[in-house]
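This report concerns only the one structure given below.
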Amino acid sequence: MKPEIIVVSAAYGAQKVAELGGQAALLPLIKKAGADGIEIRRELFSDSELCLLHALGNAISQHQLSASYSVPEALWLDDGALNPRLAQFLHEAEQIGAKRLKLALGHFVALDVTPLLAVLQASNVTLVVENDQTPDSKLAPMLRFFHQACDAALPLDMTFDMGNWQWTGEEGLQAAAQLSRYVSYIHVKAAVPHGDTFRAIALDDADDSWRSLLNALPADAPRGIEFPLEGADLLAVTRHYVDLLRAA
């Protein structure tokens, strides 16, 4: 069975998404390119669009695409407390018909099972916690969190971002070896040094190390395109990478 291929709306860049008329305007393009779903990014919404989530969900359904929802916040706040807006974000995900809600780990200190479990059980959306580009998402805290969450039988999984280990100075293959059993969603991304940091690049511009890393992750996990999709013919570019990831 071929893996589900998801296009992350932010792959087109915030300016291009705005020029095209918002994330809903991407749906025909993503469908024609042969993808299976779209990852909606909360940071790309205008205030008015946040009031129209049901309409967006209906449009996604009409295009016969699956939805994922990404919020640029962390599960755990800087003081180690559970994000009090988690239930709100899950509700927003439900409104667009999303299968999963993606948050970064944040500053995980200790697992207080009862309040987190209560919020998660009240929703039919799966929380998928991502390794972001901050020190809070280094391998050690990610492992500590998922070990404890697994022991507590919490209904959540991991989004494994292939490129973000570059920012945290760690080896993606080592992370995959230890975290793959928790992974249910993959952000496919390659990155190269850029000044004193890194930048994401298209797979055709990268070496083949992304293939080895992808192959170290669950073969049935949906693959999200989170590297730049740019060019004069966005449909052709998107179709090219949808086909590449489906075959990889």
**OP:** Could you list, in sequence order, all residues of the range 189-218 that are open to solvent by less than 40 Å² (accessible area, probe 1.4 Å), not in a loop (DSSP other than H, G, I, E, B) and not small (Gly, Ala, Ser)?
**Re:** Ile201, Leu203, Trp210, Leu213, Leu214
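With out of contact with any Lys or Arg (no Cβ under 9 Å at 6 or more places or on another chain), over 21 Å from Ile6 (Cα atoms) and open to solvent by less than 70 Å² (accessible area, probe 1.4 Å) as the only criterion, which of Ala149, Ala153 stands out?
Details: Ala153 fails: open to solvent by less than 70 Å² (accessible area, probe 1.4 Å).
The match here is Ala149.
Taking the range 1-15, which residues are in a helix (DSSP H, G or I), under 15 Å from Glu226 (Cβ atoms) and not aliphatic (A, V, I, L, M)?
Quick first cut of the range 1-15, residues in a helix (DSSP H, G or I) only: 9-12, 14-15.
Narrowing the set further to residues that are under 15 Å from Glu226 (Cβ atoms) leaves 9-12, 14.
Ser9, Tyr12 - these are the residues of the range 1-15 that are in a helix (DSSP H, G or I), under 15 Å from Glu226 (Cβ atoms) and not aliphatic (A, V, I, L, M).
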Original post:
Here are Asp136, Asp132: which of them is closer than 20 Å to Glu73 by Cα, in contact (Cβ under 8 Å) with a residue 12 or more places away in the chain and in contact with a His (Cβ under 6 Å, 6 or more places away or on another chain)?
Top reply: Asp136
Original post:
Taking the range 21-49 only, how many residues are part of a helix (DSSP H, G or I), surrounded by 15 or more Cβ atoms within 10 Å (Cβ to Cβ) and not acidic (Asp, Glu)?
Top reply: 9
**OP:** Tell me, yes or no, whether the range 38-45 has at least one residue that is basic (Lys, Arg), farther than 25 Å from Ala149 by Cβ and touching a residue at least 12 places away in the same chain (Cβ under 8 Å).
**Re:** no
**OP:** Return yes when Phe198 is of a type in the set (Phe, Trp, Tyr) and more than 14 Å from Val7 (Cβ to Cβ) and no when it is not.
**Re:** yes
**OP:** Filter the range 80-125 for residues that are among the acidic types (Asp, Glu) and farther than 19 Å from Arg144 by Cα and give the result.
**Re:** Glu92, Glu94
Subject >> Boolean, Pro135 is surrounded by fewer than 17 Cβ atoms within 10 Å (Cβ to Cβ) and touching a helix residue (DSSP H, G or I) at 6+ places or on another chain (Cβ under 7 Å) >> reply: no
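Among residues belonging to the range 2-11 that are in contact with a helix residue (DSSP H, G or I) (Cβ under 8 Å, 6 or more places away or on another chain) and open to solvent by 10 Å² or more (accessible area, probe 1.4 Å), point out the one that is modelled with the lowest pLDDT. It would help to see each step written out before you state the result.
Start the filter on the range 2-11 by keeping residues that are in contact with a helix residue (DSSP H, G or I) (Cβ under 8 Å, 6 or more places away or on another chain), which leaves 2-3, 5, 7, 9-10.
Applying the additional criterion that residues be open to solvent by 10 Å² or more (accessible area, probe 1.4 Å) yields 2-3, 10.
Numbers: Lys2: 86, Pro3: 92, Ala10: 98.
Per the criteria, the residue is Lys2.
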Subject >> Residue in the range 62-78 that is at pLDDT below 95 and either open to solvent by 20 Å² or more (accessible area, probe 1.4 Å) or not polar (S, T, N, Q) (or both) present >> reply: no
Original post:
Can Thr197 be described as closer than 22 Å to Ala74 by Cβ, among the polar types (S, T, N, Q) and either at pLDDT 95 or above or touching a Lys or Arg at 6+ places or on another chain (Cβ under 6 Å) (or both)?
Top reply: no
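The values are calculated or read from the model by the stated rules, or taken from the named source; none is laboratory data. These numbers were taken from a predicted model, which means no experiment stands behind them. Reconstructed Cβ throughout: ideal geometry from the backbone, glycine too, with neighbour counts over all protein chains shown. What goes into the accessible areas is simple: the full protein's heavy atoms, side chains included, and nothing from ligands, DNA or RNA. Shrake-Rupley method; radii C 1.70, N 1.55, O 1.52, S 1.80 Å.
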